[in-house]
Structures are given as structure tokens and as C-alpha cells.
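**Student:** Have a look at this one.
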Amino acid sequence: MAVLGKIRQKTGLLIFLIALALIIFVVQGALENGFFGSNANNIGSVNGTDIDAQTFMRKVAQVEKQNQNMSNTQAMNNVWEQELRGIIVGEQVEKLGLGIADDQLINVIKTNPYFSQNPQFLNAAGQFDEAKFKEFVKSIKNDQNQDRWAEWQNFENEVEKSAIEQLYFNLIKGSIYTTKAEGKFKHVAENKKVDFEYVTVPYNTINNDEVKVSDDEIIAYMKEHPKQYKSDATRAIDYVLFENKASKEDEDLVGKTINEVLYGNVEFNKKTQKNDTIPAFKDVVNVAEFVNKYSDIKFDSTYLAKKELPLDYQEQLFNLGKGEVFGPYLFSNHQCVSRMLDRKPNASAKASHILISFEGAERSTATRTKDEAQALANELLVKVKANPNEFASLAAANSDDPGSKNNGGVYDNIAPGQMVPTFNDFVFNNPVGTTGIVETDFGFHVIKVLDKYDAVLLATVAQSIEPSETTIDAIYTKASKFEALANEKKFDEAAKEVEATIVPASNLKASDEYVAGLGAQREIVRWAFNDDTNNGDVRRFDVPQGYVVAVLKDKNETGLLSIDVARQSVGNILMNKKKAEIIKKKMSGATLEDVSKATGSSMILASGVATSSPFIPNIGSEPKVIGTAFDLEAGKTSKLIDGNTGVFMIRTKSITDAPEAANVNSYVETELTQQQNAAQMRAYQALKEKAKIEDERARF
């Protein structure tokens, strides 16, 4: 009792201490998670302007609603780019004080086909009527359902924002000017030509094993060229997939079940508490009902041509007699048995045609008369009968049917009644090989019947081979044990011990959704970018295919490409540099002849090469080599040149100056158009690169 009394005396103090501990815990967690900071409810910021997470996610939901085939991550990335663009360009618009008046806004809105082509907003002359449009807006504003007015205001705001943004970029385009000097330069680049001889030793003549490039060398090179190899933060993971595959026992069970369908069985009926005799598939009377009861794929009454049947079993299935059964056979992870129900001769056909339309025919843009069209059709008929192999080329040259002219005029799998009556009757009432002319509402058709197909009606019981609960449990246990083992040992050692295959997935970005080999796996990407996930951490994930055990292999926060990605591009550059040093030692001599003799490489002539297209025939792009050729005087030999594909020595034979341009305006206009077309993208890209962007999407 004394103990209880002391406890009662201390209860107040105890409660206070517990409450204090809880407060400290909550506050500490809040501080760690930024709940009291400015970033708590933001998904990111641009130049100090926060992007509210709640508003952002509402926009994401709206995009998903409008685009049913778009995933959540795709919608999120789409909205993110819109937000970035809106803030970055918006800052520039605000600095310049750009805006549009109400009448300009109406001019923009009426270019929208919904308004410009909607009879509700057109006058008697078929023109857009501003008065009707303003009345429409007024009715929405006065509508009791203010949601409609809010939606309209949002629409107006987006239209205004887009119009002002385009005005800004139009100002940039308008500021671009191309001089005649630039036009002349372009003319010279295209028309000044050089002929030169060369000897080259390609880099690929040196075995890759002879040169080594270290990770440190790759990193150092990227640091020397940071803009070229700039990258967002990335993650690299390795994973092992424990796939939910049916076991041998599962396959045998499906095989047993499908054999019972094939040969019949005795089955206990729970309702009647008696055994029912299940007839063999060949003896079943109500086939459709039987298939729907015992098959994972319901009965389909569609007649199928031979080529529509499973490729490996086309002959057996197509040639079954009525009532005969084939199987079991494996198709698309199903054990199947099929029974022939019916055969339909000439169920579909293949034909080629040349349509000659005329003025007034349906959907025709032709200007020829009907008599001229008929005469041309008769002329083509004579030609195709004389030379049947020319049908395709004649169709390409003459047919007015855009849907078939470029594939020889062929239509395949034509079902009865699919074509207009006279076309249909010709194809199905004439034997294969018949050629003739029919007239339809579309014009005159020169038709050749190419083939007729029988079709069959098969009843198929197909039972899916799926892993059983026992198998799935065993796979789960295996994955869990591997996860524990991978936490004890190195990941690759653990995989080797259980004979599992490691799959790498590198260059994952915070906004990515897809993981190589697994498809959409946003949860894995989010885990990889979690601040609490460190290199070497292991975690198991449930995926549609089964279970994945992943390890975080590398965090790349350098702002440069990850080593895994850079090894291919940067590694090749550095490898070629080292190969060039080896090759140069072999290319001894001061003349082309000396180098050719020393290396056993031929002297080759390149003729009529221009700087606008710095390609050497059969070699590829070599701008450094071409530039050197133009710099040399005729007859002069270069030093050794490290090219894109190998080491070169060249000797310029002659340089032909570009002829004097009578008018360079076309070059000026072409250059101006190219520069203006690229201006919007380049301007925005420059602003985006300069902007300070905080991206917190990895948390969502």
C-alpha cells in the first residue's frame, strides 16, 4: 500500500514529464520535416516564388481527368513544367509591363474553334458575333451555379496568360535580325568546296582492352566541361525480381483440369450432394454454356480466318472436322482445348483496286468528267490485264483512294457487306484472279480479286496457368529471406548465394516514374530519393510481377552525369584520346605517302566537301578535318589530326571559291526564319538555366 501511495503522490509529476516528452518529440519531428518552415506545404519554388503543393496537386488531378491515359507521375511532370514556365516567363512579362486589353482577349478567345465554329456565337452571315459572346459570358456570371463562373474565370486567366506569354516571345522574335553579311557567309559555307587527300587510322583498329579509362578520369573530364555534362540529381539502384511464376505443380494441376475437360470427369455437386458426370468436350451439347463454365476466357462466336489462329497450331485447328477436338495445347500462358463448331466458306476476301473519281462523285476532289474517268479506267484495265504485275505501280500513280494507293491498292480481310454494294458483289461473286471495272458513288474502280478466305468457328476452353497461393507464399518467403540476407552481406554476394540475377537501374531522376525492367514504380523511385535512404540500404517492394528487393547503389548530387551514364559517352572520348596517342606513334612520316606506307592505309581522295556539311564519304562527320583542309594552301600537308573516328593526315589538293551570289536575300530569309523559329525555345531555356529552382517532387 505504501508503494501505491507513493505512486499516487508522484502521478502529477509523471504526467507532466510524459507530456513534456511528447511535446519535444512532436516539435523535433516538425522541425525535421519543415512543418514550421516555408517549405512545409510547397512542392518547390522558382526564384523564391513558392509552388503550393495543394494547388499543384489539384491541377495534377485536373490533368489526369482530362487525359485518361496519363499516369499520375506524367501528369505531375506536365503540371510542373507549366508552373516553371508560368513563373519564369511571368517574371519577364511583369518587368516589361506587358498585358492585353479586353478586346484583345476576345480576339484571342474567338480563334478557339469551340467559339469560332459554334453556331451559338455566329451571326446570320456565319461570322463570330461579339455581342452573342458577351451575352454568353454575362449569363455565366449571373448563373446561380457560381462554379461555372469560377471555371470561366480560370479559362480566361489561362487564355490571357498564354496570349501575354506569346506576346513576349513575339517581341523576342521581332528583335532578331539577319544581315546580308550573314546571308553571304551561309552562301559561301554551302558553295565553297575543297578537294583533299587523306590517310586515316580508325580508333577501332585499337582493341579496347589496350586502353583503360578510370572513373576519376571521367569525373575530371566532366568537371572540365560542366555545362556539357550537367545533370539533375540521380540515383542508381540494383534489384532482384522474385517473379510470381507458376510452379511445376501449378502447371500440372492446370494440365489435369484441362484433361478432365477433354475426356470428361465425375464432379461432386454441392447443391444436390451427388456426383455429376461431366461429359467429354466432344460430346457436350450446349457448348457455349460449357465453355463459359470451365474456361477463363468466355465463349466467342466470332469466325476466324486461318491466319488469325495461333501460329503454332494453325494447320491442326483450321483443318479440324466439325465436332472434332484438338488439344491440350499451350497458347499465351493458357492450357487450351478447341472444338470445331462450324466452317464458313468465302467468309472474307482480299482485293486490290484503282479508284478513278470524277467531279461530283462522293468525296471527290477530281476535276475530270465522268466520261474521262471511265475512259481512264478502261485504259488501266487493259494495262493490268496485259501486265498483272504492274497493278501496284498503276495504283500508286493513278488511284484517287489515299487509303490504299501506296500499298498497291490492296484491301485485306474484306468482310461481306463492308464495301459499297457493287464493289462487294464483284469481289464475292467472282473467282480469285478476276479483274474488272465497277462503278460506285466514289467513281470507277478497276478491281482484281486476290484471295478468298474460309473462316472457322471454334469453341475453346482456355485455363490460365497462374501461381497458386502456396507458390506465391513460397516466393514471398524467398524474397523476404533474400532481403534479410542482403542486409547482412553485400548485395551482390547475397544474390550470388541464392543464384539470383541482379538488374541495374541507373540514372533515376526524382521525377521519374519508370524503373528499367519493372515499368511504373514510383514508390521505388521515391524511396531512392528519400533523405533517410543511404547507399547500401535494402528494401523489399511489392510489384505487379511479384516482389523486388532493391539496394541503393549510388547517390549522385554532383550536378553532373552519373558515372554509369557518363562511362559510355565520356569514356569513349577519353578512350579515343588514348588510342590516338598509340596510333600517332605508328603514323610516322612527314608526307601522306610516308604515313600510308608506315600504316598500310590507303590514300583516299575526298572531293567537293563544304563546311556546311562536314562529312567525309564512308567515314562520317569530321568537322575538324574539313576545317583543316580549308585552312591549308593547295599542296600543303597537315599535321596529325585527332578526328571523330580516327587520326588523320591530309593534303589539300584544291579549293574552289563559291561563285558570286547574285542575290543573297534567300539565304538571309532562310537564316532569319531558322533563328526566329529557334528563338522561343532558346530564350526560355536560357531563362530556365539561370533560374534558381527548388524541386521537392521527390517527396510526393
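**Student:** Please enumerate the residues belonging to region 463-510 that are closer than 21 Å to Asp252 by Cβ and not in a helix (DSSP H, G or I).
**Tutor:** Gln463, Ser464, Ile465, Glu466, Pro467, Ser468
One line per residue, one yes/no per condition, for (1) out of contact with any helix residue (DSSP H, G or I) (no Cβ under 7 Å at 6 or more places or on another chain); (2) of a type in the set (Val, Ile, Thr):
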residue: Asn319; (1), (2): yes, no
residue: Ala349; (1), (2): no, no
residue: Ile356; (1), (2): no, yes
residue: Ala373; (1), (2): yes, no
residue: Phe423; (1), (2): yes, no
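**Student:** Take Gln153 and tell me if it is outside any helix (DSSP H, G or I), in the same structural domain as Val79 (by TED's automatic domain parsing) and out of contact with any helix residue (DSSP H, G or I) (no Cβ under 7 Å at 6 or more places or on another chain).
**Tutor:** Taking the combined requirement at face value, the residue does not satisfy it.
**Student:** Name the residue that is surrounded by the most Cβ atoms within 10 Å (Cβ to Cβ), counting only residues in region 499-548 that are of a type in the set (Phe, Trp, Tyr) and under 17 Å from Tyr476 (Cβ atoms).
**Tutor:** The selected residue is Tyr547.
**Student:** Right, next: Being over 40 Å from the mean Cα position of the chain (by Cα), surrounded by 14 or more Cβ atoms within 10 Å (Cβ to Cβ) and more than 27 Å from Thr637 (Cα to Cα) is the filter here; which residues of region 181-220 pass it?
**Tutor:** The one that is over 40 Å from the mean Cα position of the chain (by Cα), surrounded by 14 or more Cβ atoms within 10 Å (Cβ to Cβ) and more than 27 Å from Thr637 (Cα to Cα): Lys184.
**Student:** Another question, if that's okay. With (1) assigned to a loop (DSSP other than H, G, I, E, B); (2) in contact (Cβ under 8 Å) with a residue 24 or more places away in the chain as the list, and Val285 as the residue in question, which single condition is left unmet?
**Tutor:** Going through the list (1) assigned to a loop (DSSP other than H, G, I, E, B); (2) in contact (Cβ under 8 Å) with a residue 24 or more places away in the chain, Val285 breaks only (2).
**Student:** Sticking with this one: Could you figure out which of (1) farther than 24 Å from Glu523 by Cα; (2) of a type in the set (Asp, Glu); (3) surrounded by 13 or more Cβ atoms within 10 Å (Cβ to Cβ) isn't true of Glu64?
**Tutor:** With (1) farther than 24 Å from Glu523 by Cα; (2) of a type in the set (Asp, Glu); (3) surrounded by 13 or more Cβ atoms within 10 Å (Cβ to Cβ) applied to Glu64, the lone miss is (1).
**Student:** Kindly check whether there is at least one residue in region 666-673 that is of a type in the set (S, T, N, Q), surrounded by 17 or more Cβ atoms within 10 Å (Cβ to Cβ) and touching a residue at least 12 places away in the same chain (Cβ under 8 Å).
**Tutor:** No, because not a single residue in region 666-673 is of a type in the set (S, T, N, Q), surrounded by 17 or more Cβ atoms within 10 Å (Cβ to Cβ) and touching a residue at least 12 places away in the same chain (Cβ under 8 Å).
**Student:** Then there is this: Before we move on, is Lys452 assigned to a helix (DSSP H, G or I) and charged (D, E, K, R)?
**Tutor:** Answer is no for this residue.
**Student:** Would you kindly identify the strands (runs of 3 or more DSSP E) lying entirely within region 199-282 that contain at least 2 residues that are modelled with pLDDT of 95 or more and among the aromatic types (Phe, Trp, Tyr)?
**Tutor:** Of the strands (runs of 3 or more DSSP E) lying wholly inside region 199-282, those with at least 2 residues that are modelled with pLDDT of 95 or more and among the aromatic types (Phe, Trp, Tyr) span 234-243.
**Student:** Next question, about the same structure. Within region 473-521, track down each residue that is among the aromatic types (Phe, Trp, Tyr) and more than 25 Å from Leu560 (Cα to Cα).
**Tutor:** Scanning region 473-521 gives Tyr476, Phe482, Phe491.
**Student:** Determine the pairs where a residue that is more than 15 Å from Ile583 (Cα to Cα), located within region 594-615, has a partner that is of a type in the set (S, T, N, Q) and part of a strand (DSSP E or B) with Cβ atoms under 7 Å apart, the partner being 6 or more residues away or on another chain.
**Tutor:** Pro614/Ser621; Phe615/Ser621
**Student:** Select, from Ser332, Ser301, Ser338, the only residue that is modelled with pLDDT of 95 or more and among the polar types (S, T, N, Q).
**Tutor:** Within the list Ser332, Ser301, Ser338, the selection yields Ser338.
**Student:** OK, next. Answer yes or no: is there a residue in region 415-430 that is of a type in the set (S, T, N, Q), within 40 Å of the chain's Cα centre (by Cα) and either at positive phi or surrounded by 14 or more Cβ atoms within 10 Å (Cβ to Cβ) (or both).
**Tutor:** The answer is yes, given that some residue of region 415-430 is of a type in the set (S, T, N, Q), within 40 Å of the chain's Cα centre (by Cα) and either at positive phi or surrounded by 14 or more Cβ atoms within 10 Å (Cβ to Cβ) (or both).
**Student:** Does at least one position in region 635-648 carry a residue that is in contact with a strand residue (DSSP E or B) (Cβ under 9 Å, 6 or more places away or on another chain), in a helix (DSSP H, G or I) and surrounded by fewer than 17 Cβ atoms within 10 Å (Cβ to Cβ)?
**Tutor:** no
**Student:** Picking from Val79, Val93, Val63, which residue would you name as being assigned to a helix (DSSP H, G or I) and in contact with a Lys or Arg (Cβ under 7 Å, 6 or more places away or on another chain)?
**Tutor:** Val79
**Student:** Return a yes/no flag: does region 112-127 have any residue that is within 28 Å of Arg85 (Cα to Cα) and part of a loop (DSSP other than H, G, I, E, B).
**Tutor:** Within region 112-127 (the criterion being within 28 Å of Arg85 (Cα to Cα) and part of a loop (DSSP other than H, G, I, E, B)), the answer is yes, since at least one residue qualifies.
**Student:** Could you list all residues from region 527-559 that are of a type outside the set (D, E, K, R), part of a strand (DSSP E or B) and closer than 21 Å to Glu696 by Cβ?
**Tutor:** Leu552, Asn556
The values are calculated or read from the model by the stated rules, or taken from the named source; none is laboratory data. Since this is a predicted model, take the numbers as computed values, not measurements. All Cβ positions, even for glycine, are placed from backbone atoms using ideal geometry, and neighbour counts span all protein chains on display.
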